[in-house]
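Undergrad: After the structure tokens below, expect a handful of questions from me.
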Amino acid sequence: VCFTLGGSDCSISFVSHVLGKVCVHGRQKEMLSVLVPHLAELTRSDCIWQRMCWRLLECVPERWMEAVLLGFVQTAPGADVLSRLLGNLVVKNKKAQFVLTQKVLLLQYSHKTAVLQNLLGYLSLDPLRRPLLVKVLQELLETWGSGSAVRHSPPEQQQYISKAILICLSHLKESEIESCRQELLTSMMEGVKCHLDSNLPRIRHLGMIVAESISLKINTDGPVLKFQYEEDDEARELKSLLVQTTPCCAVPSLPDEEENEKTAVLPSVSDSDKRSPTAAPVVPAEESDTDLDSDDDLVPYDMSEDKELRTKAPLYLRDCIEVLTGCENLDKWEATVKALESLIRKNPAATREVSVELAKILLHLEEKTCIESFVELRQRAQVAVLTTDPIPVAQYLTSQFYSLNYSLRQRVDILDVLVLAAQELSYPKSRGKTKHSVVPKPGIQLLPGSDSSKDWRRVVDERIKSKTRRIATGQAQVELPSGPNEFNSVAGHFFFPLIQHFDRPLTTFDLLGEDHFVLGRLVHTLAVLMYLAVNTVAVTAMGKALLEFVWTLRFHTDCYVRQGLLSCVSSMLLSVPAERLIEDMTEELLETQSWLGDVVEKDPDGDCRRLALQNLLLMENLKKKLQSVPS
Amino acid sequence: MALPPPDPQFVLRGTSAAVHTLHFCCGGQEPDVPVLFSGSENGLIHVWNLKTRRVDTALDGHGRNSVYCVETMGSKDRLLSQGRDQRICLWDLAEGRMSVTDSVFTENVGFCRCSLLKVAQGRWLMAMASKALEEVQVLELPSKMSVCTLKPGVGAKLGMPMCLKLCQLSCGSQPLLLAGYEDGSVVLWNLSMGKALSQLICHQEPVMSLDFDLEKTKGISGSSEKVLSIWSLNEQQNLQVYKTHKLVNAGISDITIRPDKKIVATAGWDHRIRIFGWKKMKPLAVLDYHTATVHCVSFSDHKQPSERLLAAGSKDHRISIWSIYTQT
């Protein structure tokens, strides 16, 4: 479509109608990819064309306005172009205002960051539109800060809103921030609280980044809020949105590239400069040394054994216990902590005598001096004790899980140790050698808020994948190392005590109440224990108990807990033999199936839906497998 | 491919107490037996026969108080010993006698080893820490006349003298005294004028031991920290730091330079003896035999280079004898 430059006053409303119709039928891309660049060129310097463009858009009928606007916002190469094309449409037209300030930002979240940049940049470029920008920010913050939104909306939408907030912040001027400083502060405080309460690390990160950015903007002098979190790609991307680059001119790429090259070249030049002066003085010194070296014919001996003097760790377990419980000598304490795991593994008989005592000491062991990887050392020692004498130590640990006056860290520690030990016990050991807690990937790492569930989900996924494919013929397999399954005799001891008391609240520990983080970890732990109990005798009983447990909690509001429950179901379907499932648990399975169907359709969290779908597929395969076997 | 460090040639046992000081006397002609004197914490001085490797005699002259310095004056029959009973004893050991011929009451309760210098036939100078806190007294032996008393200036907080070395830069010139103090500085004293010529802060901790090479006018000092300090004396009689050498473990009890000025041995609190090339402080060997802190090291004065030995006395009651770098 080409426009001719006529001098006469023409009516463009017909064109608007055509444009609207085309866009609403879904042909935005084809139409606008040609139209917009043309218009951009034409409106660059010519006022008349600008007004024609505005008129064009104003005349688009209400019912098609949304499609046209969306198309424009998506195809415009920059906020300034959008500003030229739309003019003050957003102020004059009610529908346009609704679409641009409410619908795109709050009700949809599938648009790319560039779209947000265009839109919000457009709002910021004209003094008539700036009040809208402030209004938009306030509404975004309201959504961001609402607890129910954080809990129930998908992470993708939350990320979208966070991005929008950051871009708004980057456009706001000092004066505008001044005027709404108090509101910003209140919303930030509320929002941070909801975000940090979440069990998903991604939500927490989003909350932290946005809160930091808001704090940076409103407290330009004085201390700003600073959180500790991992700088991943998402974090970096979000933070980059805070800085607005000035709208680039027509040929932006080349000058930028040149500048980048120049700056890249400069550091390397200065680096090499720095290196050469340091090289120069070394050389003459060496030369003067070689002069004297000629008559120095004394040959040095091997001095590789010359290391720092260390205190020796005790050689017996009971000595270790003594050192850990009362010793004031910190060097010795350090040496003991480092040597403990290997001593435990080398002396199983001695360990069995003092196992519960050791487990108690390790559970309460606090860091006295600053040792590297203290937490890991302690955990490995605990796992070693548990695997050497599983039953009494498991009894102790599971009873302590539900006791008073332990910190959340300690309770989560217990869960992690149980899982690691179960893993070690259930893997075949090579004859003669003990595996020194070589945790094969994926392993559970001990870090607060760690995504152990993700790693295990990967394992479960792989298992599911291997099960859903039909292996045609048996392959000639290499004889793998085998040994008796040590987890068999103790699986019940690990599992059942953990399930027992979950609904009994204590004064300091309420699994069903505010300690939902621990509940989430407990559920994931149970899923792993179930998974590792494959081929054990107790697996059916465990399966039944687990299914009942899942049933009571299935409507829990926290999505981390729900993900755990769905992993439990997967583990159960994978570990309990098919015959036992069909014979003993038919009604429960049918009920579970209908619940899973519900989850697939209605659960707001993407991971939950995916897991539920996997479980349904597993159940289908189960049915097929049993039908194919001649009864 | 570096060789592993050598083992001791032999080990002398039998002192039944920590060994604090050693002194060789092996320069005599046949049929004179090479001898090693050792002073122990139980107050005994053992005379070791290096041929039979057994104790020939045990001298008890300090009443069960630790002996921390033994020196010979000219021959192995004239012995000087210093003990924690605040006495310096002169012994006559000729023809099997074991008698204390003379003694000096130092009134000093510290641990500073005295230093001997032969200035003329039959005449010796001995520097020792004296009664007052920061003072060093120089006596002439055998007359026991005081030559001078070296007092640091008022306000110079040097602390106790920790180690002393008397030396004469060339025959007939004025004797000088190098003293290491508690505050980590080494001071060069002129004895005839009784004045300090130069002071150098070598360490942050007390100077535990020092030794000086007259030919190169270079000295080395060790302290309770991890650094060895090498300093030199220039023509204006000024001390300057030449270089420092960082050690793996902190604490040096004794340092000695071999008489041929080729190597230096240090006795460490980390139970190890370290050997360095003296020219450039090149680390040569780490001798790890003892199981407790090594208190003293000493080189023998054998006429034959191939027979030269290094002795180390330790808190674990043993004296290890090493033969190392004897080819040159």
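The values are calculated or read from the model by the stated rules, or taken from the named source; none is laboratory data. All figures in this text were calculated on a predicted structure; none of them were measured in a lab. Positions of Cβ are generated from backbone atoms using ideal geometry, with glycine treated the same way; all protein chains shown enter the neighbour counts.
Undergrad: Just wondering, is there one or more residues in segment B:4-22 that are away from chain A (no Cβ under 14 Å), over 23 Å from B:Thr256 (Cβ atoms), without any contact (Cβ under 8 Å) to a residue 24 or more places away in the chain and of a type outside the set (Lys, Arg)?
TA: No, that holds for no residue.
Undergrad: Another one. Filter segment B:266-313 for residues that are of a type in the set (S, T, N, Q) and more than 15 Å from B:Val19 (Cα to Cα); which is nearest to the other protein chains (Cβ to nearest Cβ)?
TA: Among them, the one singled out is B:Thr266.
Undergrad: Within segment B:79-91, is there a residue that is closer than 30 Å to A:Asp306 by Cα and modelled with pLDDT of 90 or more?
TA: No, segment B:79-91 has no match at all.
Undergrad: Continuing with this model, one more query. Name the single residue, out of those in segment A:113-148 being over 23 Å from A:Pro77 (Cα atoms) and without any contact (Cβ under 8 Å) to a residue 24 or more places away in the chain, that is surrounded by the most Cβ atoms within 10 Å (Cβ to Cβ).
TA: Among them, the one singled out is A:Pro131.
Undergrad: Then there's this: How do the strands (runs of 3 or more DSSP E) wholly within segment B:212-328 filter down when requiring 2 or more residues that are buried (at least 22 other Cβ atoms within 10 Å of the Cβ), modelled with pLDDT of 90 or more and among the charged types (D, E, K, R): which remain?
TA: B:272-277
Undergrad: Just for segment B:118-146: of the residues that are modelled with pLDDT under 90 and buried (at least 18 other Cβ atoms within 10 Å of the Cβ), which one is nearest to B:Ser198 (Cα to Cα)?
TA: B:Glu134
Undergrad: Show me the strands (runs of 3 or more DSSP E) found entirely inside segment B:1-101 where at least 3 residues are buried (at least 21 other Cβ atoms within 10 Å of the Cβ) and among the small types (Gly, Ala, Ser).
TA: Those strands (runs of 3 or more DSSP E) span B:35-40.
Undergrad: Further question on the same structure: Residues to consider are A:Leu498, A:Leu519; find the one that is assigned to a helix (DSSP H, G or I), under 16 Å from A:Lys544 (Cα atoms), touching a helix residue (DSSP H, G or I) at 6+ places or on another chain (Cβ under 9 Å) and of a type in the set (A, V, I, L, M, F, W, C).
TA: Of the residues listed, the single one that is assigned to a helix (DSSP H, G or I), under 16 Å from A:Lys544 (Cα atoms), touching a helix residue (DSSP H, G or I) at 6+ places or on another chain (Cβ under 9 Å) and of a type in the set (A, V, I, L, M, F, W, C) is A:Leu498.
Undergrad: In segment A:553-603, how many are in a loop (DSSP other than H, G, I, E, B), surrounded by 14 or more Cβ atoms within 10 Å (Cβ to Cβ) and in contact (Cβ under 8 Å) with a residue 60 or more places away in the chain?
TA: Of the residues in segment A:553-603, 1 are in a loop (DSSP other than H, G, I, E, B), surrounded by 14 or more Cβ atoms within 10 Å (Cβ to Cβ) and in contact (Cβ under 8 Å) with a residue 60 or more places away in the chain.
Undergrad: Of everything in segment B:251-265, what is closer than 24 Å to B:Thr217 by Cα and more than 9 Å from every other protein chain (Cβ to nearest Cβ)? Give them in sequence order.
TA: B:Ile252, B:Ser253, B:Asp254, B:Ile255, B:Thr256, B:Ile257, B:Arg258, B:Pro259, B:Asp260, B:Lys261, B:Val264, B:Ala265
Undergrad: For A:Glu601, are the conditions met, namely being under 27 Å from the mean Cα position of the chain (by Cα) and farther than 22 Å from A:Leu526 by Cβ?
TA: Here the answer is yes, as A:Glu601 does meet what is asked.
Undergrad: Residues that are surrounded by 18 or more Cβ atoms within 10 Å (Cβ to Cβ) and polar (S, T, N, Q), at least 3 per element: which helices (runs of 4 or more DSSP H) completely within segment A:149-232 meet that?
TA: A:155-171
Undergrad: State yes or no: is A:Ala359 under 21 Å from B:Asp270 (Cβ atoms) and either within 14 Å of chain B (Cβ to nearest Cβ) or surrounded by 15 or more Cβ atoms within 10 Å (Cβ to Cβ) (or both)?
TA: no
Undergrad: Within segment A:471-483, is there a residue that is at pLDDT below 80, surrounded by 10 or more Cβ atoms within 10 Å (Cβ to Cβ), more than 18 Å from A:Thr398 (Cβ to Cβ) and aliphatic (A, V, I, L, M)?
TA: No: segment A:471-483 contains no residue that is at pLDDT below 80, surrounded by 10 or more Cβ atoms within 10 Å (Cβ to Cβ), more than 18 Å from A:Thr398 (Cβ to Cβ) and aliphatic (A, V, I, L, M).
Undergrad: Does A:Thr143 count as modelled with pLDDT of 85 or more, in contact with a Ser or Thr (Cβ under 9 Å, 6 or more places away or on another chain) and assigned by the TED database to the domain that holds A:Ser170?
TA: Criteria met by A:Thr143.
Undergrad: Any idea which residue in segment A:522-545 is farthest from the chain's Cα centre (by Cα), counting only those that are touching a residue at least 60 places away in the same chain (Cβ under 8 Å) and in a helix (DSSP H, G or I)?
TA: Among residues in segment A:522-545 that are touching a residue at least 60 places away in the same chain (Cβ under 8 Å) and in a helix (DSSP H, G or I), the one farthest from the chain's Cα centre (by Cα) is A:Leu532.
Undergrad: So A:Glu305 ticks every box in (1) of a type outside the set (A, V, I, L, M); (2) within 14 Å of chain B (Cβ to nearest Cβ); (3) more than 30 Å from B:Ser323 (Cα to Cα) but one. Which box is left unticked?
TA: (3)
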